[in-house]
Ligand SMILES: Cc1cc2nc3c(=O)[nH]c(=O)nc-3n(C[C@H](O)[C@H](O)[C@H](O)COP(=O)(O)O)c2cc1C
């Protein structure tokens, strides 16, 4: 696929076929992530692939904490609406979940977060290119410490996750601001 076509065709995919994804394909996605640019070339990322039991335990952690007082307070602070339950269900149904972690390094926080965003987009675009669907997931942030502990990465910060699978839906493009709303020439 031409790059612009891939960019146009990418959608957040929330329904997946129950089809196994070859290990080489997942390695290809992470290979694309690894090639992303990063601030000072720090490459501040670690990608952990989870399937089956661990993936479902992650979704359960999200669901368990969903109604706790602490999470509700965080919600208010971040003004986030509650999509956690829906996202947890998507994680359970997706064949594969990629967890994206970064080292705790306050001095590089913004640069490292921007770099990780770029790497994640490489994954999502390459997934589209290969006929896979992807969903970039932020809803793990409320339980990031518990999830990092579960996978044995307490020393790192879980920033995001991406669910991957062969698409079982074909959503229309979601609305976007017009070019003239977001672009200004001075
Ligand atoms: C940083 C980031 C975090 C996101 N987190 C979630 C999430 O936790 N759950 C979810 O269902 N969608 C999540 N999304 C998907 C967005 O809702 C989606 O990208 C947006 O609605 C535009 O739709 P599109 O990706 O199909 O163009 C996230 C997207 C980004 C970029």
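Selection of region 1-42 for residues being touching a strand residue (DSSP E or B) at 6+ places or on another chain (Cβ under 8 Å) and part of a helix (DSSP H, G or I) yields 26, 29, 30, 33. Condition check: within 24 Å of residue 38 (Cβ to Cβ) and within 15 Å of the ligand (Cβ to nearest atom). Does residue 90 satisfy that? No; evaluated as a whole, the condition is false for this residue.
If the condition is being touching a helix residue (DSSP H, G or I) at 6+ places or on another chain (Cβ under 7 Å) and farther than 16 Å from residue 134 by Cα, then region 1-34 contributes only 1. From 119, 94, 88, 80, which residue is modelled with pLDDT of 95 or more and farther than 23 Å from residue 154 by Cβ? On inspection, the qualifying residue turns out to be 94. On inspection, residue 22 does not qualify as farther than 26 Å from residue 83 by Cα and within 16 Å of the ligand (Cβ to nearest atom).
The values are calculated or read from the model by the stated rules, or taken from the named source; none is laboratory data. Remember, it's a predicted structure, so these values are computed and weren't measured experimentally. Methodologically, a virtual Cβ is constructed for each residue, glycine included, from the backbone with ideal geometry; neighbour enumeration extends over all protein chains shown.
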